[in-house]
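Step one of this worksheet: look at the structure below.
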Amino acid sequence: MRYLVRLFSSLRMAIVLLILLAGASVIGTLIPQGLSAAEYAARYGRMGRLIVGLQMNQLYGSVLFLGLLAVFAANIGVCTFTRLSPRLRRVFKPRVETCPESLLSSAAKDRFQKDLSPDASRREVLMALSAHHYRTKELLKDNRIFLLARKKTAGWLGADIVHTGLLVIIAGGLISGLSGFKAELPLREGQIRQVPRAAFEVRLDKFDTELYPDGNVRDWKSTLTILEGGAPVRTKAVEVNHPLSHGGFKFYQSSYGRDWENPVIEMLVKKKSDPSFSRLLVLKVGEKAALDGKEGASVSAKRFIPDFVLDESKNPRTRSSEPNNPAVLAEIREGEDRVSIGWIFARFPEYSRMHGAQESDLSLELKDLNPGHYSVITAAKDPGVNFIWAGSILVMTGLLLAFFWPPREIKVVLEENQGKTRITAGGLSPKSREDFHTEFEKIMTQIRRSK
Amino acid sequence: MTESTLFLAAFVVYILAAVFYLSFQFSKKFRWARAGFALVSAAFVIHSLALVLRTIESGHAPFTNMYESLSFLSWALVLAFVVVDRKFKIPRIGAYLILIVVAFMALASSPLMPKDVAPLVPALQSYWLWLHVSVTLLGEAFFAVAFVTSIMYLAADSRRKKGTASESAFSPETLDFVSYRCVAFGFPLFTLGGLIFGMVWAYEAWGTYWNWDPKEVWSLITWFVFALYLHTRIVMGWKGRRSAVIAIIGFLAALFTYFGVNYLLSGLHSYV
């Protein structure tokens, strides 16, 4: 056990782990991730099987990589917490008493005699220290005055705060990986969908694509309404970079598509008896358009199939959701009587066939189809994310303390020596030696000169 | 004055500055370095104006394509150089650093880089574009300075070992120290801009703060390398050659994150 603690608290291990993690990460960017086993076999031959076997096809989620991260976290944890308590004591419960002789082995040191009483000298020392913004603790013991003057004390904890932050971030990553959750919700305008694993629904009120004058996309905007028990509770226009937050979920504009289920149909109607007659009808499936009021003739669209094909039993169905062979089942009526019905094709007008009891004077042509757009909203819930932010704040605070807040410490002992005072001072500031030495000397000169 | 004129003017003045710094390098006369610094400062002001004009012209942050981002990176490099030179008084890094700036500016103005002002795609319409990219590139600029001082350290160190060091040469230790300070300055910037702001923005835009996208992974690799630099140095007391080598590897990783990922690997960060 002690061996393990020593191993895990060693810096050598941290270095080996940093190199291994960096190396593994490089491999993950060289081998394309997330392909199928067959694709790896095709690309790398026999190596392909090794890649899949070692989970290098999803390296960052592989047992090896996660194991490495776990060991790294253990290393940081052991390293930080075995060294934390002496460091905390140094910051919060420092020892004021010290042996004057040991001060003389400090990085910065001084010893001199002052022609003042210990108490008067003490005042001078305190004044000099506070002039340089040191905060001082005092102790009177065995006729000696001990002073501990410090500034930027929090700097001692910089590295520990960084490491704690990293652990919080790794914990956050773990939580995200275990309980984070994401679902894509394709939504047509007006459509309502239950949000998976949530007690509310989301409705797409409006979906807009805004364009720049040059035709490039400026923005996709989905106006979403959250419904709780059928009642709207909030509405927001969701854009890329502007998600909607509700009930621990975030809703993102992630994609969009063309809705070929129910496009707007444009049909051209012609009369065989009157070649000059031509009318454009615009309608959707289920709608009826009157041709001219008096005669009472009307055209309606009964069905739409984006990719028309006949199956074995000669029933029409769609082969895909792409508009490869769009067809509309159209019906012509005179008043209440059906005159004819039949499939008309956009790509193959010559195959359009209208069947009816009587020959109709009207002929139909499928001119154009305008699909509506649907919006794809990603609903995401990630309970780990707050850990990531908290950890990030800790890491940054720690880095700033570690690099820009160098702690300084000066210890002074005043001893009475035949009515005069012997002053011994020693100080250290491992991270800003040069500046500290200059300051230390200034302070000592000030104490020496004071009367 | 248009943005491209100002860019070109800054480019020319940088070249002049590089010439002056090179003259200083060989003559060791400080007045050359002083003139070089004056030129760099002038070019920096012109370059800043070019970036401001570009922002006004395009209506968005000046780093949404390779040309803009190279121009901004060069600007950040000059800023880092000015800061480091003022603080540590080592004008002799000027020659190499300004040559790198000139190389980036040349690359930016090459015909390979489309310079048209393009409207912003939806994914980039966020103030995080400003924060994420500018802070990251500034951090990388300090890594670049550490790269230059590390190479100069290695050169100075081997000259010293061979005993061919000239008397007027500065001590290699200064270079080593400046490398460390640049890494110590660039590392928090890179962590904040590249990783943390990147995660925040990714979460706002894609719903996942980390996607293991190649650019993210290479940022993490860069971060690992500089973490290695800091740990070996602060805790294990590594200095000199070994530290210099790690700093050089770190900057090359950062450079690959910036360039290589775009041209060699595909992923979500395919804007720039």
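Laboratory data are not the source of any read-out in this text; all were calculated from the coordinates shown. What you see is a predicted model, and the numbers here were worked out from it, not measured in a lab. Because the Cβ atoms are built from the backbone with ideal geometry, glycine has one as well, and the counts that use them run over all protein chains shown.
What's the magnitude of the charge dipole for the range A:129-263 around its Cα centre, counting Lys and Arg as +1 and Asp and Glu as -1 at the beta-carbon? Answer in Debye, nearest 20.
Values: 19 positive and 15 negative charges, 213 e Å.
It comes to approximately 1020 debye.
Under a 5 Å amide H to amide H cut-off, with H placed in plane at 1.01 Å, what residues pair with residue A:134 once short-range neighbours are removed?
none
If Lys and Arg each add +1 and Asp and Glu each add -1, what is the summed charge of the other residues whose beta carbon sits under 13 Å from the beta carbon of residue B:257?
Within the 13 Å Cβ shell, the charges total -2.
Would you look at the GNM of chain B, springs on alpha carbons closer than 10 Å, and say which of B:53, B:252, B:112 moves the most?
Residue with maximal mean-square fluctuation among B:53, B:252, B:112: B:112.
With springs only between Cα atoms under 10 Å, which of B:130, B:206, B:223 fluctuates most in a Gaussian network model of chain B?
Among B:130, B:206, B:223, the largest mean-square fluctuation in the Gaussian network model of chain B belongs to B:206.
How far, in degrees from 0 to 90, does helix A:11-30 lean away from the longest principal axis of the Cα atoms of chain A, to the nearest 10?
The two axes meet at around 20 degrees.
Expressed as a rounded percentage, what relative contact order does the range A:118-247 have, with Cα pairs under 8 Å and six or more residues apart?
11 percent
Using only DSSP helix segments of four residues or longer, with each worth -39500 (n - 2.57), what per-residue ellipticity at 222 nm results for the protein assembly as shown after dividing by its residue count and rounding to 500?
One gets -16000 deg cm²/dmol as the mean residue ellipticity at 222 nm.
Return the Rg/Rh ratio of the range A:174-223 with Cα-based radii and a Kirkwood Rh.
That ratio equals 1.15.
If packing is taken as the average number of other Cβ atoms within 10 Å across a peptide's residues, how do A:274-282, A:146-154, A:434-442, B:195-203 rank, most packed first?
Going from most to least packed, we get B:195-203, A:146-154, A:434-442, A:274-282.
So what's the net charge close to residue A:403: Lys and Arg +1, Asp and Glu -1, counting the other residues with Cβ under 10 Å from its Cβ?
Here the count lands on +2.
Using the basic label-point model (7 angstrom from Cα toward the beta carbon), what is the residue A:284 to residue A:270 distance in nanometres?
3.0 nm
Provide a whole-number value for the mean count of partner chain Cβ atoms within 10 Å of the Cβ atoms in peptide B:200-212.
6
What dipole magnitude, in Debye to the nearest 20, does the range A:1-105 give about its Cα centre under +1 on Lys/Arg Cβ and -1 on Asp/Glu Cβ? Let's see the in-between values first.
On the way: 12 positive and 3 negative charges, 62 e Å.
The calculated dipole for the range A:1-105 is roughly 300 debye.
Can you find, among A:72, A:281, A:5, the residue sitting farthest towards the positive end of the charge dipole of chain A, where Lys and Arg contribute +1 and Asp and Glu -1 at Cβ?
So the residue we want is A:5.
Over the whole of B:225-231, what's the average partner chain Cβ count within 10 Å per residue? Rounded to a whole number, please.
4
How high is the relative contact order of chain A, given as a whole-number percent (alpha carbon pairs under 8 Å, six or more residues apart)?
22 percent
Among the complete DSSP H segments of chain B, which ones combine at least 27 Å of alpha-carbon extent along their axis with a mean Kyte-Doolittle hydropathy of 1.0 or more?
Details: long enough: B:3-27 (36 Å, 1.63); B:30-58 (41 Å, 1.08); B:66-88 (32 Å, 1.13); B:128-162 (51 Å, 0.72); B:214-234 (29 Å, 0.68).
What comes out of the filter, once short or polar helices are dropped, is B:3-27, B:30-58, B:66-88.
Might you report the magnitude of the Cβ-based charge dipole of chain A about its Cα centre, with Lys and Arg at +1 and Asp and Glu at -1, to the nearest 20 debye?
3320 debye
Determine ³J(HN,Hα), in whole Hz, for all residues of the range A:245-261 in sequence, where each value follows from phi through the Karplus function 6.51 cos²θ - 1.76 cosθ + 1.60 and θ = phi - 60°; x replaces Gly and Pro.
Per-residue couplings from phi come out as 9, 7, x, x, 9, 10, 10, 10, 6, 10, 6, 7, x, 8, 8, 8, 6 Hz.
Just tell me how shielded B:213-221 is by partners: mean number of partner chain Cβ atoms within 10 Å of each residue's Cβ, no decimals. Spell out each step's value before the answer.
Details: counts 2, 6, 1, 2, 10, 4, 1, 3, 8.
Partner Cβ neighbours, averaged per residue: 4.
How far apart, in nm, are two points set 7 Å out from the Cα along the Cα-to-Cβ line at residue A:211 and at residue A:58?
Each label point lies 7 Å from its Cα, and together they span 4.0 nm.
Among B:83, B:175, B:126, which residue has its Cα positioned farthest towards the positive end of the charge dipole of chain B, with +1 placed on the Cβ of Lys and Arg, -1 on the Cβ of Asp and Glu, and the dipole taken about the Cα centre?
Result: B:175, furthest along the dipole toward the positive end.
May I ask which residue of B:226, B:195, B:240 lies farthest towards the positive end of the charge dipole of the range B:190-272, with charges of +1 (Lys, Arg) and -1 (Asp, Glu) on Cβ and the Cα centre as origin?
It is B:240.
Let me check against my output: what whole-number percent is the relative contact order of the range A:47-204, with C-alpha pairs under 8 Å and at least 6 apart?
It rounds to 17 percent for the range A:47-204.
When you take every Cα atom in chain B, what is the radius of gyration, and what is Dmax, the widest Cα pair distance, in Å?
18.9, 60
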